[in-house]
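Engineer: Have a look at the structure that comes next, please.
The values are calculated or read from the model by the stated rules, or taken from the named source; none is laboratory data. No experiment lies behind these values; they were computed from the predicted model shown. Here the Cβ positions follow ideal geometry from the backbone for every residue, glycine too, while neighbour counts run over all protein chains shown. Side chains included, ligands, DNA and RNA excluded: accessible areas come from the protein's heavy atoms. Shrake-Rupley method; radii C 1.70, N 1.55, O 1.52, S 1.80 Å.
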Amino acid sequence: MSERVDDTGGDERTDPADRNPLAMLFQGDGWRLERRLDTRPVHEMYATLAALVLTALIISLLVILVGVSPLDAFTSLYEGALGSREAGLETLVQATPLILTGLAAAVAFRSGVWNIGGEGQFFAGAIGTWWVYELLPGLPAPLLIIAMFVGAAVAGALWASAASVLLVRYGTNEILTTVMLNFVVLYILSWLLSGPWQSPKTPYFQTERMDEKTFLPRFIDDSRLHWGLLVALAAAVAVHLLTRRTGLGFELRAIGVNKRAAAYKGISVGRTVITVMAISGALAGIAGAGELLGLHHRLQLDIAEGLGFTGIIIALVARLHPAGVVVVAIAFGGLINGATNMQVGTGIPFALVQVIEGVALVFVLLAAVACRYRLKRTVRHG
Amino acid sequence: MDDFFTYSVILGIFVATVKIATPLLIAALGELVAESSGILNLSLEGTMALGAFSGFLVASESGSLWLGLVGAAIGGALLGLLMAVMTATVKVNQVVAGLALNILGLGGAFFWYRSVYDAGGTIDLPSVERFRTAAVPLLSDIPAVGEILFEQHWLTYFALVMVPVTFVFLNRTKYGLELRSIGHNPEACDMRGVGIVSRQYFAVIFGGAMAGLGGAFLSLSEAGQFFPDIIAGRGWIALAIVIFGNWRASWILAGSLLFGFLEATQLALQASNVNLPYQLLLALPFVLTIVALVLNRSRSQVPLALTIPYHRGER
């Protein structure tokens, strides 16, 4: 294949406008769109900010169409998310699993491994948690909780490994296999809850309530905020240190940039892919344990509700940075929390949350492309 | 159990198989065309939801189910257009764009639905007079086969007809072959002067319109209503069927019928209180899809440039 053409050179024939149809929009007199060579983090930040402003504009329009003043809507959203101490704490409750599923996606995507199976690995983690609970009921509380988190991480990692082993061994597309595995684990859970693990007291698909000693401690009595948040934040720090400060982290990032070059450098791409999927699956699995032990206390089918998929969106909006994932997850948690208040207060449907998520991601993606270009004043040649 | 009863149960399963397969087949054929051009559209679930709702909205406002189908196709096509802009023009990562539009389609459909119909505060779900099954004259008189194949909905006939149409389009027409070559080797096509972007637009918009129609089958033929969980994973199943069918129209038909059959069987089992773990039956097709992916790897028909954006002069 040909070498990458340097498109910032003086050669008139390689006008970047030829490459990108969008650029043709900007081919006016005196200005042209050209490829940047140096994309600095600050450009990314401006672009993301611009994307969020555009999102707010589009959402305002939508809200106006529904017949509500955007000011009322956003005020109501804000009050629901951060307006009071209770609301703020509840926002963190919502953000807790999202931080973990967001990290799960970010780790995998950074290595160029498209793990779309966060949702399934979350369920695998919840199954692992309950399994350990059934297996080791006699363990003292702190040990049992730790064992359950380990069980969840292992279960999530194993479930993700089904996809990565197939990818490394047979070259099957991990996007497709992880999507399939999401369904398989959901049906396995549904089967477990309809028979082997079903609580005999109810006709519903759920287990018995767990023993109170397994409940994660809460920070304050009057809020649901539990220690799962600490686990999530610790995971974010761990992911940051792993990717930035260790040799393995270097390998993880290297295969994401260029698999072939990484292989030439002596990095075993296959082994790294398996490692990164295991880490990613483990993070999603831990999210499952956190929700089970911190909030639900019984295994049900509706404990995920799209948390895995939202995690993917969060990772992408955060441009795959661990710290960014924490920030975006809290923002999304606030969105979910605030939208409930908004629906009650202004009648705007809760589904606006998903619209906001989708629109924000679309604009962030477009902005990421846009910040690779710049408008330049051209000197006319004759 | 007497013979007549067994016969009618089994016949019922086959009739249900074809019905359940319909939306899957329509969406999967559309996705086949889109993927043939090298663009993986992961937003099928959201596109089906949007089509199901826009179809329902148009049908209930205009009073015409047929206009509803047009509305569904347009709703799906619009999301497809957005996907095409993002992937064919701006060349954003296809997986990411697909997931973004998926959530946008799902959220958009529910948001729109709630803002149109919840304002009145009615408890009853709004509904339309749904499509009736249309028996094909003469053919529907054939015993068993007639009932299974020729006493179905209009959209079912449409889906079945689209199987050979899609096959012929992709394998026997110039435009379709060009589309497939783009999916395999865009660079070579570009050198030959085959316009890539316009064909990808066509393919992805067509795929969106088909997904919209698949969604409309659920809202206009099956339920006569729209409700938030109406698609219930069928978009993802349609995606699985394309893979299971190894990107060939005939096998996609087989895959849709297999998914339909397993679903119909588990429904019948549940209804007759047979104590079988029906969930494992439901999980089976997804496992089979993975197995098919592994087994077909040496003769896989997957478009080689699937998910890889094409930049002229770059690699």
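Engineer: Could you list the residues of the range B:14-36 with an amide nitrogen less than 14 Å from a label point located 7 Å from the Cα of B:Thr173 in the Cα-to-C-beta direction?
Structural biologist: So the set is B:30, B:33-34.
Engineer: May I pose another question? Rounded, prolate or oblate for the range B:2-299? Axes are the square roots of the Cα gyration tensor eigenvalues, ordered a ≥ b ≥ c, and the cut-off for rounded is a/c under 1.5.
Structural biologist: Oblate is the answer for the range B:2-299, as a/c is 1.5 or above yet b/c matches or exceeds a/b.
Engineer: Once neighbouring chains are kept in place and the probe is 1.4 Å, which whole percent of the accessible area of the range A:93-344 is contributed by carbon and sulfur?
Structural biologist: 64 percent
Engineer: Then there's this: Around A:Trp197, which amide H atoms from residues at least 5 apart in sequence, or from another chain, sit under 5 Å from its own amide H, with H modelled in the peptide plane?
Structural biologist: Answer set, sorted by chain and number: none.
Engineer: Over the protein assembly as shown, average the accessible area per residue using a 1.4 Å probe and give it in Å², no decimals.
Structural biologist: Using a 1.4 Å probe on heavy atoms only, each residue of the protein assembly as shown averages 44 Å².
Engineer: Helix A:141-170 sits at what angle to the longest principal axis of chain A, using alpha carbons and giving 0 to 90 degrees rounded to 10?
Structural biologist: With both axes taken from Cα atoms, the answer is about 50 degrees.
Engineer: Sticking with this one: Output wanted: per-residue J couplings in Hz (rounded whole) for the range B:253-270, from phi through Karplus 6.51 cos²θ - 1.76 cosθ + 1.60, θ = phi - 60°, x for Gly and Pro.
Structural biologist: 4, 4, x, 4, 5, 5, 4, x, 5, 5, 5, 5, 5, 5, 5, 5, 5, 4
Engineer: Related question: For the protein assembly as shown, what does the equivalent ellipsoid look like in terms of its semi-axes, each the square root of 5 times an eigenvalue of the Cα gyration tensor, given largest first in whole Å?
Structural biologist: 37, 35, 27
Engineer: For peptide B:108-116, what's the mean number of Cβ atoms from other chains within 10 Å of each residue's Cβ?
Structural biologist: Average neighbour count from other chains, rounded to a whole number: 6.
Engineer: Here is a follow-up. For the range A:93-344, what is the relative contact order in percent, using Cα pairs closer than 8 Å and at least 6 residues apart in sequence?
Structural biologist: Answer for the range A:93-344 is 42 percent.
Engineer: A plus B alone minus the pair: what accessible area, both sides summed, probe 1.4 Å, in Å² to 100?
Structural biologist: Approximately 4300 Å² gets buried when A meets B.
Engineer: Which residues of the range A:113-140 bury at least 40 Å² of accessible area once all protein chains are present, versus their chain alone (1.4 Å probe)?
Structural biologist: A:Trp114
Engineer: Let me ask something else. Using Cα springs under 10 Å in a Gaussian network model of chain A, which residue among A:Gly117, A:Gly171, A:Gly256 shows the largest mean-square fluctuation?
Structural biologist: The residue that fluctuates most here is A:Gly171.
Engineer: Right, another one. Using only the Cα atoms of chain A, what are the Rg and Dmax in Å?
Structural biologist: Every Cα atom of chain A included, Rg and Dmax give 23.4, 86 Å.
Engineer: Which of the residues in the range A:157-183 lose at least 50 Å² of accessible area when you go from the chain alone to all protein chains together (probe 1.4 Å)?
Structural biologist: A:Tyr170, A:Ile175, A:Leu176, A:Met180, A:Phe183
Engineer: What are the lysines whose alpha-carbon lies under 30 Å from the alpha-carbon of A:Lys213, with same-chain residues fewer than 8 places away excluded?
Structural biologist: Answer for A:Lys213, where 30 Å is the Cα cut-off: A:Lys201, listed by chain and number.
Engineer: Just how far, in whole angstrom, is the range B:1-45 from the range A:292-337 if you go by their alpha carbon centroids?
Structural biologist: Each part's Cα centre sits 33 Å from the other's.
Engineer: Sum -39500 (n - 2.57) across every DSSP H segment of at least 4 residues in the protein assembly as shown, then divide by the residue count to get the 222 nm mean residue ellipticity, nearest 500.
Structural biologist: Dividing the helical sum by the residues of the protein assembly as shown leaves -22500 deg cm²/dmol.
Engineer: Where does the charge balance sit around B:Pro228 when Lys and Arg score +1, Asp and Glu -1, over other residues with C-beta under 15 Å from its C-beta?
Structural biologist: Once positives and negatives cancel, what remains is -3.
Engineer: Taking the 0 to 90 degree range and rounding to the nearest ten, how far is the long axis of helix B:196-216 tilted relative to the main principal axis of chain B, both from C-alpha atoms?
Structural biologist: Long axis of B:196-216 versus the principal axis of chain B: about 10 degrees.
Engineer: Between helix A:307-317 and chain A, what is the angle of the helix's C-alpha long axis to the longest principal axis, kept within 0 to 90° and rounded to the nearest 10?
Structural biologist: 30 degrees
Engineer: So if I restrict to the alpha-carbon atoms in the range A:41-170, what is the Rg, and what is Dmax, the biggest pairwise distance, in Å?
Structural biologist: Using the Cα atoms of the range A:41-170, the pair Rg, Dmax is 20.8, 58 Å.
Engineer: First select every other residue whose beta carbon is under 14 angstrom from the beta carbon of B:Leu177; then total the charges, Lys and Arg +1, Asp and Glu -1.
Structural biologist: +4
Engineer: Can you grab the distance from the C-alpha centre of the range A:79-98 to the C-alpha centre of the range B:65-132, Å, no decimals?
Structural biologist: First find each Cα centre; the distance between them is then 30 Å.
Engineer: Could you pull out the pairs from A:Lys259/B:Lys91; B:Lys91/B:Lys174; A:Lys259/B:Lys174 whose alpha carbons sit more than 28 Å apart here?
Structural biologist: Table pairs above 28 Å Cα-Cα are A:Lys259/B:Lys174.
Engineer: Measure out, as a whole number of angstrom, how far apart the alpha-carbon centroids of the range B:236-299 and the range A:119-176 sit.
Structural biologist: For the range B:236-299 versus the range A:119-176, the Cα centre distance is 25 Å.
Engineer: If you add up the charges near B:Leu282, with Lys and Arg at +1 and Asp and Glu at -1, over every other residue whose beta carbon is less than 13 angstrom from its beta carbon, what do you get?
Structural biologist: 0
Engineer: To the nearest 0.05, what FRET efficiency results for B:Ala135 and B:Phe227 with a Förster distance of 41 Å applied to their C-beta separation?
Structural biologist: 0.90
Engineer: Skipping prolines and chain starts, which residues have an amide H placed within reach, meaning under 5 Å, of the one on B:Gln152, given they are 5 or more residues away or on another chain?
Structural biologist: Answer set, sorted by chain and number: B:Ala134, B:Val136.
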